[in-house]
Amino acid sequence: MTTPVSSAETGHSPSAVTQRPRRRRSPKWVAIAFVAPLLVYLLVLYAYPLVENVTMSLHRFDRGSFVRGGAPFVGLDIYREVVSDPRFWRVVSQTATFTVVSILFQYVIGLALAVFFHGGQFRLSAALRGMFLVPWLLPVIVSGTVWQWMMNPDSGVLNSFLGVFGIDPVWWLNADNALMSVTIANIWLGIPFNLVILYSGLQNVPTDLYEAASLDGASSWQQFWRITMPLLRPVSVITVLLGLVYTLKVVDIIWIMTTGAGSSQTLATWSYGMAFGKGASTVIRYSQASAVGTILLLVALAFGVVYLVMQRRRED
Amino acid sequence: MTKSPGRRVSAGVALAACMALAACTTPQPAAPSASGEATKGTTTADIKFWDPYPQRTDGSDWDKLVKACAPQGSTITRTSAPQSDLFNQLTTAVKEGNAPDIVVLDNPMMPEAVSSGLVATAKQANIDTTGVDANLMGPGIVNGEAYGVPFGSNALGLYYNVDLLKKAGVDPASITSWDALNAAIGKVAAAGGKGITFSGVTGEEGVFQFLPWFWGAGANLNDISSDQSVSAGQLISDWIGKGWAPKSAVTDNQSAAWDLFLTGKYGFAENGSWFASAAAQAKFKIGVLAIPSKAGGVAPVPTGGEFAVAPVQAKDADNHYANAAAVIKCLTDGDAAMKTNETLGYLSAKADVRAAQVKANPVWEPWVKSVEGAQGRTTELGAKYVEVSSQLSEAIQGALNAAGDANAVKSAFAAAAGK
């Protein structure tokens, strides 16, 4: 006579053992069915263009072989040519300058405005905050054209304004000053984004911390530096990293103002110009454009990895 | 935590393998057929026509002229895009096998279009090229074979503001060399006007405007860093430096330069014959001179104008070429040639039609010599012209930015040639 073995001792009831294999198979197929559309979308719209881009940079294309096929495989020759081009390092440093200076000023000015608006609700503060969003809301073609018009060296509004203070007119869009000019326009474009996100970040800082600090005798600068900034760190990191990856790819504002001429040539505009035979590069260089595009992609990827690592570290 | 790195690694390996495989295989050829005869085909119901005149919108004279050329039972759909965009779109369309029936292509792009296998021969598309001037047909002849036909040509000239010049005491007839031109601009500037407008924009348009000065100095497209070439660059650079030309010339196209001239403040404008009728109707009196060369005399100007071509087709080539043959014949045969050129503001590529145009409209009189003496841009270099044009464009930009600094101009030309 067998003593009934309790389920607790064996751990599983006999019926559960026979039922489990059948239950395991169907959820797996259902899961695949759910994931399949997303996978197809990713493959067609992300993986395929990416692979095509890399392929193009490894073969020497010209207009003829683009149409008829038969471009020869040249391995990393195109990359070697691009990197040894006398323009390459200049363009890289211009890209770095453009990105870093834009982000820095966008963040600082955005933060200053967010703190200002957070400090107190005065009459029309909501309307004023709305007006600061205008750069973000205007189509870039409109804002780019207006900046170009304002920066006209002979008759532009900016030079007239400088003239009021007795400053000589600046040739804003010539080869040397182009980088400074597009950076100024880009900073103006990016402030609303920083303002909105940092403002909402500030809302999440508990006010009793400030009360406790002022009771302890902390000045408003100390309060800002010791309470606001540390608590704003996660939001700041997101804003800055998002801004970095976005600014690296910016083509529209630069293209509208200067078509990437002179010092305003960045990796993104250089790649665009070569890919379509526009601007400074009236000849289409398919392979070189793909190579520069891939290099840009790797740089953006590096920043993305930095963000993921920082996220992981915060979770731990 | 231990599962995710493993899955991530395998996903990464799969992607890398995918890319390595794709990278090492040669791309599949997508060759459209280069055979087909217009005489063997019949016209189809839908005809696609591409041209580089986006400023001529639906309902404009040119638009109506093109659409009226549809053969019996067919309709023409006309699409416009700027020159280089059109060329790129044509490249993609031929690659995909759905090229339009007729494309109107800028003449310096013809050799590259031919060498890339984008266009069919004039024989295949049954296009009549008889009677066309040799210098204007030149860009469309590659290895002795003709591809397409030009409607007509335009030329560059020196428009001037009659009243401003009279006020400054300048006799237009005396402007026959660079020194005389510079002296004239100086006098106009001293009398309170501004100097000269032109287009130095990046790309073919800026090079087109620069070539009369380039060739007028005796330079050759085979060597763009020669002393003569640099002197031409110095000429336009000095205009910016002395404030005789607007700094916006660096980014202005010919249309913008013309608008500046129409304000009436500038004494001179280097612009094209397509503005001749607009000049006749302007608010102030405008005259036109031939562009002077450096030492004295008339500078050669580049041949302007576009070619009508039949792109290579992947399927139904016979019918598509028949479409092209019908429409192009309708636009260039007999009296139609005159109407087409008058609508576009060009002087016909055929000498007899040109004579008729001049007789009918005296505004063309000063332009005939320039058109007949015009030089092809691709005559010596063929398909290599596109690359040289790109280098020259960089040199021009460098020279204009230098604003008169002689060393900077010289190094800009040297650097552009070296690349």
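The values are calculated or read from the model by the stated rules, or taken from the named source; none is laboratory data. Since this is a predicted model, take the numbers as computed values, not measurements. Cβ sites come from the backbone with ideal geometry, for glycine too, and all protein chains shown count toward neighbours.
Those residues that are out of contact with any Ser or Thr (no Cβ under 8 Å at 6 or more places or on another chain) and aliphatic (A, V, I, L, M), I need them from the stretch B:201-244; list them, please.
B:LEU211, B:LEU221, B:ILE224, B:VAL230, B:ALA232, B:LEU235, B:ILE236, B:ILE240
Output the residue which, of all residues in the stretch A:60-116 that are among the aromatic types (Phe, Trp, Tyr) and more than 30 Å from B:PHE87 (Cα to Cα), is nearest to the other protein chains (Cβ to nearest Cβ).
Per the stated criteria, the residue is A:TRP89.
Scanning for something within 14 Å of another protein chain (Cβ to nearest Cβ), of a type outside the set (Lys, Arg), under 23 Å from A:LEU113 (Cβ atoms) and surrounded by fewer than 21 Cβ atoms within 10 Å (Cβ to Cβ), does the stretch A:151-158 turn up at least one residue?
yes
Within the stretch A:139-148, take every residue that is surrounded by 14 or more Cβ atoms within 10 Å (Cβ to Cβ) and of a type in the set (A, V, I, L, M, F, W, C) and give me the one that is farthest from B:ILE240 (Cα to Cα).
Applying the filter and picking the extreme gives A:VAL140.
Output the number of residues of the stretch A:247-267 satisfying the condition of being within 12 Å of chain B (Cβ to nearest Cβ), of a type in the set (A, V, I, L, M) and in a loop (DSSP other than H, G, I, E, B).
Residues flagged as within 12 Å of chain B (Cβ to nearest Cβ), of a type in the set (A, V, I, L, M) and in a loop (DSSP other than H, G, I, E, B) within the stretch A:247-267 amount to 1.
Checking A:ASP216 against (1) within 14 Å of the chain's Cα centre (by Cα); (2) without any contact (Cβ under 8 Å) to a residue 12 or more places away in the chain, which test does it fail?
Here A:ASP216 clears every test but (1).
Looking at (1) surrounded by fewer than 20 Cβ atoms within 10 Å (Cβ to Cβ); (2) within 14 Å of chain B (Cβ to nearest Cβ); (3) in contact with a helix residue (DSSP H, G or I) (Cβ under 9 Å, 6 or more places away or on another chain), can you tell me which one A:GLY277 breaks?
That leaves (1) as the condition not met.
Say whether the condition of being away from every other protein chain (no Cβ under 14 Å), touching a residue at least 24 places away in the same chain (Cβ under 8 Å) and either among the β-branched types (Val, Ile, Thr) or crowded, with 16+ Cβ neighbours inside 10 Å (or both) is met by at least one residue in the stretch A:119-130.
Yes, because at least one residue in the stretch A:119-130 is away from every other protein chain (no Cβ under 14 Å), touching a residue at least 24 places away in the same chain (Cβ under 8 Å) and either among the β-branched types (Val, Ile, Thr) or crowded, with 16+ Cβ neighbours inside 10 Å (or both).
From the list B:ALA295, B:ALA322, B:ALA269, pick out the single residue that is surrounded by fewer than 24 Cβ atoms within 10 Å (Cβ to Cβ) and of a type in the set (A, V, I, L, M, F, W, C).
Of the residues listed, the single one that is surrounded by fewer than 24 Cβ atoms within 10 Å (Cβ to Cβ) and of a type in the set (A, V, I, L, M, F, W, C) is B:ALA295.
Name every residue in the stretch B:196-220 that is surrounded by 22 or more Cβ atoms within 10 Å (Cβ to Cβ), more than 12 Å from chain A (Cβ to nearest Cβ) and either touching a helix residue (DSSP H, G or I) at 6+ places or on another chain (Cβ under 6 Å) or not in a helix (DSSP H, G or I) (or both), in order of residue number.
B:ILE196, B:PHE198, B:SER199, B:PHE210, B:TRP213, B:PHE214, B:ALA217, B:ALA219
Any residue in the stretch B:99-127 that's within 11 Å of another protein chain (Cβ to nearest Cβ) and more than 21 Å from A:GLY69 (Cα to Cα): show its pairings with residues that are part of a helix (DSSP H, G or I) and not hydroxyl-bearing (Ser, Thr, Tyr) at Cβ separation under 7 Å, as long as the two are six or more apart or on different chains.
From residues that are within 11 Å of another protein chain (Cβ to nearest Cβ) and more than 21 Å from A:GLY69 (Cα to Cα), the pairs are B:PRO108/B:PRO139; B:PRO108/B:GLU204.
Out of all the residues in the stretch A:160-177, which are in contact with a helix residue (DSSP H, G or I) (Cβ under 9 Å, 6 or more places away or on another chain) and either on the phi > 0 side of the Ramachandran plot or crowded, with 19+ Cβ neighbours inside 10 Å (or both)?
The answer is A:TRP171, A:TRP172, A:LEU173, A:ASN174, A:ALA175, A:ASN177.
Would you call B:ALA122 of a type in the set (Gly, Ala, Ser), part of a helix (DSSP H, G or I) and at negative phi?
Judged against the criteria, B:ALA122 is not a match.
What are the pairs, 6+ residues apart or on separate chains, where a residue within the stretch B:369-387 that is within 14 Å of another protein chain (Cβ to nearest Cβ) and surrounded by fewer than 24 Cβ atoms within 10 Å (Cβ to Cβ) has its Cβ under 7 Å from a residue that is assigned to a loop (DSSP other than H, G, I, E, B) and not β-branched (Val, Ile, Thr)?
B:LEU381/B:LEU221
Has the stretch B:90-98 got any residue that is in a loop (DSSP other than H, G, I, E, B) and within 27 Å of B:VAL207 (Cβ to Cβ)?
Looking only at the stretch B:90-98, we keep the residues that are in a loop (DSSP other than H, G, I, E, B), and these are B:97-98.
The next check asks that each one be within 27 Å of B:VAL207 (Cβ to Cβ); those that pass are none.
Within the stretch B:90-98, not a single residue is in a loop (DSSP other than H, G, I, E, B) and within 27 Å of B:VAL207 (Cβ to Cβ).
Working carefully through the options B:PHE214, B:PHE275, B:PHE261, find the one that is within 24 Å of A:TRP171 (Cα to Cα) and of a type outside the set (A, V, I, L, M).
The unique qualifying residue is B:PHE261.
Within the stretch A:268-290, can you find the residues that are of a type in the set (A, V, I, L, M, F, W, C), assigned to a helix (DSSP H, G or I) and in contact with a Lys or Arg (Cβ under 9 Å, 6 or more places away or on another chain)? Even if it seems obvious, please write down each step before you answer.
Keep residues of the stretch A:268-290 that are of a type in the set (A, V, I, L, M, F, W, C), which gives A:268, A:270, A:274-276, A:280, A:283-284, A:289.
Next, only the ones that are assigned to a helix (DSSP H, G or I) stay: A:268, A:270, A:274-276, A:289.
Within the stretch A:268-290, A:ALA268, A:TRP270, A:MET274, A:ALA275 meet the criteria.
With the structure loaded, tell me whether B:ALA30 is closer than 30 Å to B:TRP274 by Cβ, part of a loop (DSSP other than H, G, I, E, B) and either within 14 Å of chain A (Cβ to nearest Cβ) or at pLDDT below 85 (or both) or whether it fails that test.
no
Restricting attention to the stretch A:237-244, does a residue exist that is within 14 Å of chain B (Cβ to nearest Cβ) and small (Gly, Ala, Ser)? Lay out the reasoning, then the answer.
Taking the stretch A:237-244 and keeping what is within 14 Å of chain B (Cβ to nearest Cβ), we get none.
Checking the stretch A:237-244: not a single residue is within 14 Å of chain B (Cβ to nearest Cβ) and small (Gly, Ala, Ser).
Checking B:THR91 against (1) touching a helix residue (DSSP H, G or I) at 6+ places or on another chain (Cβ under 9 Å); (2) hydroxyl-bearing (Ser, Thr, Tyr); (3) away from chain A (no Cβ under 14 Å), which single condition isn't satisfied?
Looking at each condition in turn, B:THR91 falls short on (3).
Please state which one of B:GLN281, B:GLN313 is under 20 Å from B:THR75 (Cα atoms), out of contact with any Cys (no Cβ under 7 Å at 6 or more places or on another chain) and either outside the structural domain of B:ASP61 (by TED's automatic domain parsing) or touching a residue at least 60 places away in the same chain (Cβ under 8 Å) (or both).
Numbers: B:GLN281 fails: under 20 Å from B:THR75 (Cα atoms).
After applying the criteria, what remains is B:GLN313.
Quick one: in the stretch B:335-368, of everything that is of a type in the set (Lys, Arg) and part of a helix (DSSP H, G or I), which residue is surrounded by the fewest Cβ atoms within 10 Å (Cβ to Cβ)?
Looking at residues that are of a type in the set (Lys, Arg) and part of a helix (DSSP H, G or I), I get B:LYS359.
Please enumerate the residues belonging to the stretch B:227-265 that are more than 10 Å from every other protein chain (Cβ to nearest Cβ), of a type outside the set (A, V, I, L, M, F, W, C) and assigned to a helix (DSSP H, G or I).
B:ASP227, B:GLN228, B:SER229, B:SER231, B:GLY233, B:GLN234, B:SER237, B:ASP238, B:GLY241, B:GLN254, B:SER255, B:ASP259
Of all residues in the stretch A:166-211, count the ones that are within 14 Å of chain B (Cβ to nearest Cβ) and not in a helix (DSSP H, G or I).
Of the residues in that region, 10 qualify.
How many of the residues in the stretch A:79-106 are within 19 Å of A:PHE303 (Cα to Cα) and either of a type in the set (Ser, Thr, Tyr) or in contact with a strand residue (DSSP E or B) (Cβ under 9 Å, 6 or more places away or on another chain) (or both)?
Here the count works out to 5.
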